[in-house]
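Read-outs throughout are calculated quantities, based only on the coordinates presented, and are distinct from any laboratory measurement. Quick caveat: nothing in here was measured; it's all calculated off a predicted structure. Here the Cβ positions follow ideal geometry from the backbone for every residue, glycine too, while neighbour counts run over all protein chains shown.
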Amino acid sequence: MARRKKQEGKEKKKGAAPDAKERAVVRQEKKAFQAPDLSNWKPKTELGRKVKEREIVDIDDILNNSLRILEPEIVDSLLELKQDLLLIGQSKGKFGGGSRRVFRQTQKKTREGNKPKFSTLAAVGDKNGHIGLGFGKAKETVPAREKAIRRAKVSIFKIRRGCGSWQCGCRTPHSIPFAVTGKCGSVEIKLMPAPKGKGLCSDKEIAKILELAGIKDIWTKTRGQTKNKINFIYACEDALRKLVKTKVHPEHFKTLAIVENSIPLEQEQDRTDEGKA
Ligand SMILES: [Zn+2]
């Protein structure tokens with residue numbers, strides 16, 4: 001946190017930089033986003049209707065039956081979502097470009113001139129076992145962000161949590177039950193269970209995703225061009241999806257304390273209290 005504050009301070013000092021204004025606008029846009037109002041929502045799909053009429057009250061009923069979510073409002077009304085935009089872009093500047101930005105800016109050369117496009121990657125999660133990632137691209141920043149968030153909500157999936165660390169063996173779901181590897185392009189990432197209190201030992205953007213998914217302690221090992229953040233993030237998604245795909249022997253559900261669905265909040269409270277004591 002301290003480092004982030006320092007960076008912000010630096011940005012303020014650099015007020016004369018050409019893209020400082022632009023960045024300020026982006027930051028405002030990020031803040032201005034509020035939870036959508038669901039009272040005016042008119043469901044277009046059967047599943048949406050069921051959710052609106054409270055026939056379905058648990059997102060795990062949808063995900064366990066692999067029903068397709070086509071409306072982002074479904075996820076909004078079933079989960080308390082937190083969202084974040086991941087830094088996949090880079091500001092223009094001297095000496096190899098500036099700091100990381102939320103929007104990646106690309107250009108197409110045409111007869112009329114350059115046509116810029118903005119793309120961004122959003123992550124949504126309930127910090128309780130559900131996570132979704134979405135990529136959005138448009139001619140301007142706002143629609144790109146809207147697309148990304150919409151797609152992130154629609155493509156939400158659940159993960160398995162547990163404690164597979166041989167150093168810990170505490171049988172509470174604060175980490176992951178076993179190591180998994182994910183791949184996208186040249187990037188390979190291995191997520192490994194870590195003992196309690198270790199924290200998220202990974203790249204900052206990956207840590208954002210893991211935090212939104214509800215994992216507290218993890219070790220990671222990577223290979224390949226991890227500076228390509230889009231591939232890096234997709235590799236992480238691949239790894240997280242493998243947590244559920246992997247077949248587990250029934251007896252290991254107990255020994256590794258595997259939790260598939262979301263943990264009720266009361267239990268969560270107990271857990272944090274125990275941690276403090
Ligand atoms: Zn543990």
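First obtain the Kirkwood hydrodynamic radius of segment 159-204 from its Cα pairs, then insert it into the Stokes-Einstein equation at 20 °C and 1.002 mPa s, and state the resulting D in µm² per second as a whole number.
It comes out at roughly 189 µm²/s.
Shape of segment 104-249 from its Cα gyration tensor (a ≥ b ≥ c, root eigenvalues): rounded if a/c is under 1.5, otherwise prolate when a/b > b/c, or oblate? Prolate, because a/c is 1.5 or more and a/b exceeds b/c. Between HIS249 and THR222, the modelled label-to-label distance comes to 3.5 nm, taking each label 7 Å out from Cα in the direction of the beta carbon.
For segment 50-141, state which trypsin sites (Lys or Arg not before Pro) are in a DSSP loop and have at most 16 other beta carbons lying within 10 Å of their beta carbon. Numbers along the way, then the final one.
Working: sites: LYS50, LYS52, ARG54, ARG68, LYS82, LYS92, LYS94, ARG100, ARG101, ARG104, LYS108, LYS109, ARG111, LYS117, LYS127, LYS137, LYS139; in loops: ARG54, ARG68, LYS92, LYS94, ARG111, LYS127, LYS139.
Of the trypsin sites (Lys or Arg not before Pro), the ones in loops of segment 50-141 whose Cβ has at most 16 other Cβ atoms within 10 Å are ARG54, ARG68, LYS92, LYS94, ARG111, LYS139.
Taking a ≥ b ≥ c as the square roots of the eigenvalues of the Cα gyration tensor, segment 66-170 is classed as oblate, since a/c reaches at least 1.5 and a/b does not exceed b/c.
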